[in-house]
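K.L.:
My questions will all concern the structure given below.
The values are calculated or read from the model by the stated rules, or taken from the named source; none is laboratory data. Note that the structure is predicted; figures quoted are calculated from it, not measured. Here the Cβ is made from the backbone with ideal geometry for all residues, glycine too, and neighbour counts use every protein chain on show.
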Amino acid sequence: MSSSGNSLISRFPYETKWNDVCGLKILSLRDLNETIDLYFKDYEDSRDERLFDLCPYFGVVWPSSVALTKYLEKNMPQETTILEIGCGLAIPSIYLAKNGKSVTAMDFHPDVPFFFEKNKHQNAVELRLEIGSWQSLQVKHDLMIGSDILYDRNQVDQLIQLLQKGNWKRVIFVDPGRSYWERFVQEVKKYFSVREFLFESCFFCEVTTDVSAQNV
């Protein structure tokens, strides 16, 4: 596991809770807004501008992550190596690892490792974690997955670039319907085969490199 060494945990401890999710025990933030208030209080004292880029969205059990996990439960991947980008609490990754898959989870937030290690040990699984940005990522996995990862307009182009340079066979992304999702789907259709569908009230996008297949 690699880490940036810039964890904020030493400056203020997170209030947490355990959740039952898809047969897993997952540690998350107790309350997102409560944690954001802690960030702002810390900023008033420290004027550390990193805090604006490190909003603790990673620590929430988001509906898209649960939907992706439930989809994988019904459609267990046949691919041998799997990468989850923007993993946050890494719920899909932990579920896949518990079912014998070789999984790497990836996120940029320096406090993800704290939750990752606790959740990994609580669920008695083995998987890897990488801390870094999409720009530095080298995708060499058969399957890439991600849920609720498009928060700003720049991420659409970054994600397309990641797909273009990566060595992968299939991608599954999930979104609750955020404003940049449709733009991403239309852009990715220019380069790859795309299948769109709804599952658990979330928008799914399955991408393959078979350009001869029809986008649906």
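K.L.:
Only one of ALA105, ALA67 is aliphatic (A, V, I, L, M) and outside any helix (DSSP H, G or I). Can you tell me which?
P.N.:
Values: ALA67 fails: outside any helix (DSSP H, G or I).
Among ALA105, ALA67, only ALA105 is aliphatic (A, V, I, L, M) and outside any helix (DSSP H, G or I).
K.L.:
Do you know which residues across the range 117-140 are assigned to a helix (DSSP H, G or I) and either without any contact (Cβ under 8 Å) to a residue 40 or more places away in the chain or farther than 21 Å from VAL174 by Cα (or both)? Write out each step before concluding.
P.N.:
From the range 117-140, those assigned to a helix (DSSP H, G or I) are 117-122, 134-136; that's our starting set.
Of everything in the range 117-140, those that are assigned to a helix (DSSP H, G or I) and either without any contact (Cβ under 8 Å) to a residue 40 or more places away in the chain or farther than 21 Å from VAL174 by Cα (or both) turn out to be GLU117, LYS118, ASN119, LYS120, HIS121, GLN122, GLN135, SER136.
K.L.:
Moving on to the next point. Given the condition surrounded by 21 or more Cβ atoms within 10 Å (Cβ to Cβ) and at pLDDT 95 or above, answer yes or no: does some residue in the range 133-142 qualify? Explain how you work it out, then say what you get.
P.N.:
So in the range 133-142, the residues surrounded by 21 or more Cβ atoms within 10 Å (Cβ to Cβ) come out as 141.
Add one more test, that the residue is at pLDDT 95 or above, and what stays is none.
The answer is no; no qualifying residue exists.
K.L.:
For the range 115-129, check the following and say yes or no: at least one residue is within 13 Å of the chain's Cα centre (by Cα), buried (at least 18 other Cβ atoms within 10 Å of the Cβ) and closer than 25 Å to PRO56 by Cα. First the steps, then the outcome.
P.N.:
Filtering the range 115-129 for residues within 13 Å of the chain's Cα centre (by Cα) gives 116, 129.
From what is left, the residues that are buried (at least 18 other Cβ atoms within 10 Å of the Cβ) are 116, 129.
So of that shortlist, the ones also closer than 25 Å to PRO56 by Cα come out as 116, 129.
Yes; the residues of the range 115-129 include at least one that is within 13 Å of the chain's Cα centre (by Cα), buried (at least 18 other Cβ atoms within 10 Å of the Cβ) and closer than 25 Å to PRO56 by Cα.
K.L.:
Ok, one more. Search the range 35-57 for residues being of a type in the set (Ser, Thr, Tyr) and either at positive phi or surrounded by 15 or more Cβ atoms within 10 Å (Cβ to Cβ) (or both), and hand back the single one that is modelled with the lowest pLDDT. Let's see the steps before the verdict.
P.N.:
Applying the first criterion (of a type in the set (Ser, Thr, Tyr)) to the range 35-57 yields 35, 39, 43, 46, 57.
The next check asks that each one be either at positive phi or surrounded by 15 or more Cβ atoms within 10 Å (Cβ to Cβ) (or both); those that pass are 35, 39, 57.
Values: THR35: 86, TYR39: 71, TYR57: 92.
Per the criteria, the residue is TYR39.
K.L.:
Give me the residue from the range 167-205 that is aromatic (Phe, Trp, Tyr) and in a loop (DSSP other than H, G, I, E, B) and, out of that set, farthest from ALA90 (Cα to Cα). Please lay out each step first, then the result.
P.N.:
Filtering the range 167-205 for residues aromatic (Phe, Trp, Tyr) gives 168, 173, 180-181, 184, 191-192, 197, 199, 203-204.
Imposing the further condition that a residue be in a loop (DSSP other than H, G, I, E, B) reduces the set to 168, 180, 191-192.
Values: TRP168: 20, TYR180: 22, TYR191: 28, PHE192: 26 Å.
Residue satisfying both the conditions and the ranking: TYR191.
K.L.:
Further question: Out of the residues in the range 1-34 meeting the condition of being exposed (fewer than 11 other Cβ atoms within 10 Å of the Cβ) and at pLDDT 95 or above, tell me which one is farthest from ARG128 (Cα to Cα). Break it down into steps so the answer makes sense when it comes.
P.N.:
Kept after step one, since they are exposed (fewer than 11 other Cβ atoms within 10 Å of the Cβ), are these residues of the range 1-34: 5, 10, 13, 20, 23, 33.
Then drop every residue that is not at pLDDT 95 or above, which leaves 20, 23.
Values: ASP20: 22, GLY23: 20 Å.
The selected residue is ASP20.
K.L.:
List, please: which pairs have Cβ atoms under 6 Å, are six or more places apart or on different chains, and start with a residue in the range 188-203 that is surrounded by 13 or more Cβ atoms within 10 Å (Cβ to Cβ) and end with one that is modelled with pLDDT under 95 and not β-branched (Val, Ile, Thr)?
P.N.:
Once the first residue is surrounded by 13 or more Cβ atoms within 10 Å (Cβ to Cβ) and sits in the range 188-203, its partners that are modelled with pLDDT under 95 and not β-branched (Val, Ile, Thr) give LYS189/ASN215; SER193/ASP210; SER193/ALA213; VAL194/ASN215.
K.L.:
Looking only at the range 68-87, filter to residues that are more than 14 Å from the chain's Cα centre (by Cα) and surrounded by 14 or more Cβ atoms within 10 Å (Cβ to Cβ); which one of those is nearest to PRO110 (Cα to Cα)? Talk me through it step by step, then tell me what you get.
P.N.:
Step one: list which residues in the range 68-87 are more than 14 Å from the chain's Cα centre (by Cα), which gives 70-81.
The next check asks that each one be surrounded by 14 or more Cβ atoms within 10 Å (Cβ to Cβ); those that pass are 70-73, 77, 79, 81.
Numbers: LYS70: 27, TYR71: 28, LEU72: 27, GLU73: 29, PRO77: 29, GLU79: 29, THR81: 24 Å.
Result: THR81.
K.L.:
Follow-up. When the range 89-114 is examined, which residues are found to be buried (at least 22 other Cβ atoms within 10 Å of the Cβ) and either charged (D, E, K, R) or touching a residue at least 60 places away in the same chain (Cβ under 8 Å) (or both)?
P.N.:
LEU89, ILE91, ILE94, TYR95, ASP107
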